[in-house]
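The values are calculated or read from the model by the stated rules, or taken from the named source; none is laboratory data. Bear in mind that the values here come from a model prediction, so they are computed numbers and not experimental data. Cβ placement follows ideal geometry from the backbone for every residue including glycine, while neighbour counts extend to all protein chains displayed.
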Amino acid sequence: MNIADTMGGFVRRWYIAVPGIILALVAGFGTFIAVQPGHQRTSTQLLLPGSGTIPVGTTNPYLFLGGLTQAADIVVRVMRSDEVLGPIVKDYPGTDVLVERDPTVSGPVIQITVTGKTDAATEDVLAALIDETKVELDRLQTQQKVKTDDRISVSTLTLDTQSTLQQKTRILISAGVALGLVVLTLIVASLIDGLARRPHKAGRRGGRGRVKGDARRRRAAPGESSQDELLDPIDDDSADDGPAAGEIAPTDPAPEEGAEPVPDTAGRPGFAERPRVPVDDTADESDRSDRSDKDAAPAGETVGAGRGRTHHRAARRT
């Protein structure tokens, strides 16, 4: 089945395809409305070195951020643990949190991304994570008994005050529902069209068979020779009797001595050619006497009958 036949089937079964496509569009639109978009907020935090780890009299701590990248990775690993995230997001089901080191910068910048069902839930979770970063960083340094002047501090760089709507998941779900219903509709329409057209195809094939059978019977009607009869060589004894009374037998001139044999099956398809045996006039004196006897034959008997029998006898002897 090619594309043209498939499209033709959809056109013939429009009462299935059109309502199915409309239903798919309605279902996709309904899914788009039912699935709420996600609300996303992002915040970034920067780790700063302690005053005791930079030269005395230096007032710009941003010049000494190179050694804090490893510390940022440790803080990110702690913030991703269930011990930290579990108590924060348990009151906000359906909220996703991503804590990572900001891939767009090379410094010790921690990026926190929160995606929730509502804007209020996203705001609360993000604020709790910002505060938790400071708590965890102090806890780690307290465990290591770091002096107060040498402790790393965290500063908030950016904080989203409004959520960004995330339509990606919403669009994917809606498109999947609509596309699935469209495909199902087209499959059903194709199956119904194929089942409906199968009896008609069988009927046309049967009709062609009957027409061919009638044509063969007409060719083999009484009084006409069929192809099988034309292909059968003459090997019965009725050929010796010659032509019937009132008919004149064909008299072919005898080929000259040394001439090429003439096939007697020209124009008969599928029949092998065989050479015609020349008649020896000097050796067959009895044939001449038979022809002289035929001159006195009664009315209705032809002169060429004896010669026809002689020709068939000579052919069978060879």
Among the residues of the stretch 75-106, how many are closer than 21 Å to Glu136 by Cα and touching a helix residue (DSSP H, G or I) at 6+ places or on another chain (Cβ under 7 Å)? 10
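Yes/no matrix, rows are residues, columns are (1) part of a strand (DSSP E or B); (2) within 51 Å of the chain's Cα centre (by Cα); (3) without any contact (Cβ under 8 Å) to a residue 40 or more places away in the chain:
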position	(1), (2), (3)
Ser106	no, yes, yes
Glu123	no, yes, no
Lys134	no, no, yes
Leu140	no, no, no
Thr156	yes, no, no
Leu165	yes, yes, no
Consider the stretch 47-92. How many of its residues are without any contact (Cβ under 8 Å) to a residue 40 or more places away in the chain and in a loop (DSSP other than H, G, I, E, B)? 12
Over the stretch 181-191, the set of residues touching a helix residue (DSSP H, G or I) at 6+ places or on another chain (Cβ under 8 Å) and loosely packed, with under 15 Cβ neighbours inside 10 Å is Leu184, Val188
What single numbered condition from (1) over 20 Å from Asp160 (Cα atoms); (2) modelled with pLDDT of 90 or more; (3) polar (S, T, N, Q); (4) within 54 Å of the chain's Cα centre (by Cα) fails to hold for Gln40? (1)
Looking at the stretch 86-103, which of its residues are farther than 15 Å from Ile74 by Cα and more than 44 Å from the chain's Cα centre (by Cα)? Gly86, Pro87, Ile88, Val89, Lys90, Asp91, Tyr92
If a residue must be in contact with a Gly (Cβ under 7 Å, 6 or more places away or on another chain) and part of a loop (DSSP other than H, G, I, E, B), how many such residues does the stretch 108-121 contain? 1
